[in-house]
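A.B. asks: Shown below is the structure under consideration.
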Amino acid sequence: MVAVAASPLPQWRPMTHHDVAQVAAIEASAYFVVAEALTNVIKHARARQAQVTASVAAGVLSVEVRDDGVGGADPAGDGLVGLDDRVAALGGRLRIHSPPGEGTLIAATLPLAV
């Protein structure tokens with residue numbers, strides 16, 4: 001069941017096949033963001049630690065992976081471009097902050113509206 005947002009009080013309706021497919025796509029995208037970011041930590045960052053956080057607020061799933069490595073991630077690299085495309089296809093946004101010498105933050109926001 002999903003909430004119908006047009007009413008001040010939630011009204012519930014059964015999930016459709018489209019709803020289920022949308023939720024699965026959001027879950028898969030969040031998984032791939034974390035998997036690709038952690039792979040980059042292992043392969044490139046020379047980090048001592050990495051942190052993964054996820055939260056839901058105001059109908060948006062936020063996923064962040066941050067490390068204390070060498071920074072300098074290339075947003076034009078194949079893996080990060082693929083993530084950006086995947087997130088954008090769902091109406092979301094991928095942000096990469098990776099100044100040299102300061103670690104990397106990869107953050108995705110994915111709208112949960114079905």
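A.B. asks: Name the shape class, rounded, prolate or oblate, that the alpha-carbon gyration tensor gives for the stretch 15-80, where a ≥ b ≥ c are the square roots of its eigenvalues, rounded holds for a/c under 1.5, and otherwise prolate holds if a/b is larger than b/c and oblate otherwise. Display every interim value, and only then the final one.
C.D. replies: Working: a/c = 3.07, a/b = 2.08, b/c = 1.47.
The shape class here is prolate.
A.B. asks: Just to be sure I understand the model, the point goes 7 Å from the Cα along the line to the Cβ. What's the resulting ALA21 to ILE42 distance in nm?
C.D. replies: 3.3 nm
A.B. asks: Separate question: List, in order, the whole-Hz ³J(HN,Hα) value for each residue of the stretch 48-57 obtained from phi through the Karplus relation with A = 6.51, B = -1.76, C = 1.60 and θ = phi - 60°; use x for Gly and Pro.
C.D. replies: 8, 8, 9, 10, 10, 10, 9, 8, 10, 8
A.B. asks: Once you put a point 7 Å from the Cα of ASP68 and another 7 Å from the Cα of ALA89, both along the Cβ direction, what distance in nm separates them?
C.D. replies: 3.6 nm
A.B. asks: What size of dipole, in debye to the nearest 20, comes out for the stretch 19-73 about its Cα centre when the only charges are +1 on Lys and Arg C-beta atoms and -1 on Asp and Glu C-beta atoms? Don't skip to the end; give the middle numbers.
C.D. replies: Values: 4 positive and 6 negative charges, 62 e Å.
Charge dipole of the stretch 19-73: 300 debye, to the nearest 20.
A.B. asks: On to the next question. If I take R0 = 22 Å and measure r between the Cβ atoms of VAL52 and ARG13 in this structure, what FRET efficiency does the formula 1/(1 + (r/R0)^6) give, to the nearest 0.05? If you can, show how the numbers build up before the last one.
C.D. replies: Details: r = 33 Å, r/R0 = 1.50.
Given R0 = 22 Å and the Cβ-Cβ separation, E is 0.10.
A.B. asks: Quick one: what are the phi-derived ³J(HN,Hα) couplings along the stretch 21-27, Karplus 6.51/-1.76/1.60 with θ = phi - 60°, whole Hz, x for glycine and proline?
C.D. replies: Working through the residues one at a time gives 5, 5, 4, 4, 5, 5, 4 Hz.
A.B. asks: What is the projected area of the convex hull of the Cα atoms of the chain, averaged over all directions, in nm²?
C.D. replies: Values: hull surface 30.3 nm².
Dividing the Cα hull surface by four gives the mean projection, 7.6 nm².
Each reported figure results from applying straightforward, stated rules to the coordinates on display, with no laboratory input. Values in this document were obtained by computation on a predicted structure and should not be read as measured data. Counting neighbours? That spans all protein chains shown, and the Cβs are built from the backbone with ideal geometry, glycine included.
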